[in-house]
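The structure under discussion appears below in the form of structure tokens.
The values are calculated or read from the model by the stated rules, or taken from the named source; none is laboratory data. In this text the structure is predicted, and so the values were computed from the model without any measurement. Backbone-built Cβ (ideal geometry, glycine too); neighbour counts: all protein chains shown.
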Amino acid sequence: MSTPTPSPAKPLPIPNTETAPFWDAAREGRLLVQRCRACGEHIFYPRLLCPHCMSDALEWVETSGRGTVYSFTIVHKAPPGFRDEAPYAVGLVDLAEGPRLMTRILADDLDRISVGLPVEVSFTSAGGGIDLPVFRACS
Ligand SMILES: [Zn+2]
């Protein structure tokens, strides 16, 4: 009789000085993005300079947590660390504020997920003090 192979650990984000405000807010159930004080654009992922006008005058702002599904896929053959969760959906969500982010999309019935579906953020603990934003269909 063989011993089952333990599942490999999932990779976790490692906060740094640029991303710490995002992860700190996620632990509080808030989804932050950066906004450029020079041109007003909202920015995600976190960075030092605005990709629209190159200003370094960036501030953190809380989003509505609402968006729509831009694209998605259903993962049936998951990578190590995620195999126990398959099938699951990952996709690109356009936030109401503009930025597009890659995320897990949760649904009781994965067949309910579609392009253009209104979704809202919630947070799930990934361990190690990291809470990940995920999105599910607006009720
Ligand atoms: Zn800008």
- Test result for P46, assigned to a loop (DSSP other than H, G, I, E, B) and without any contact (Cβ under 8 Å) to a residue 12 or more places away in the chain: no
- Item | Pairs where the first residue, in the stretch 51-71, is free of Cβ contacts under 8 Å to residues at least 60 places away in the same chain and the second is within 8 Å of the ligand (Cβ to nearest atom) and of a type in the set (A, V, I, L, M), C-beta under 6 Å, 6+ apart | C53/A38; S55/A38; A57/A38
- Can you tell me how many residues in the stretch 49-89 are within 14 Å of A107 (Cβ to Cβ) and outside any strand (DSSP E or B)? 2
- Query: Has the stretch 51-65 got any residue that is touching a Gly at 6+ places or on another chain (Cβ under 6 Å) and either hydrophobic (A, V, I, L, M, F, W, C) or within 16 Å of the ligand (Cβ to nearest atom) (or both)?
  - Reply: no
- Item | Among the candidates R100, R104, R66, residue that is over 16 Å from L32 (Cα atoms), among the charged types (D, E, K, R), surrounded by 13 or more Cβ atoms within 10 Å (Cβ to Cβ) and modelled with pLDDT of 95 or more | R104
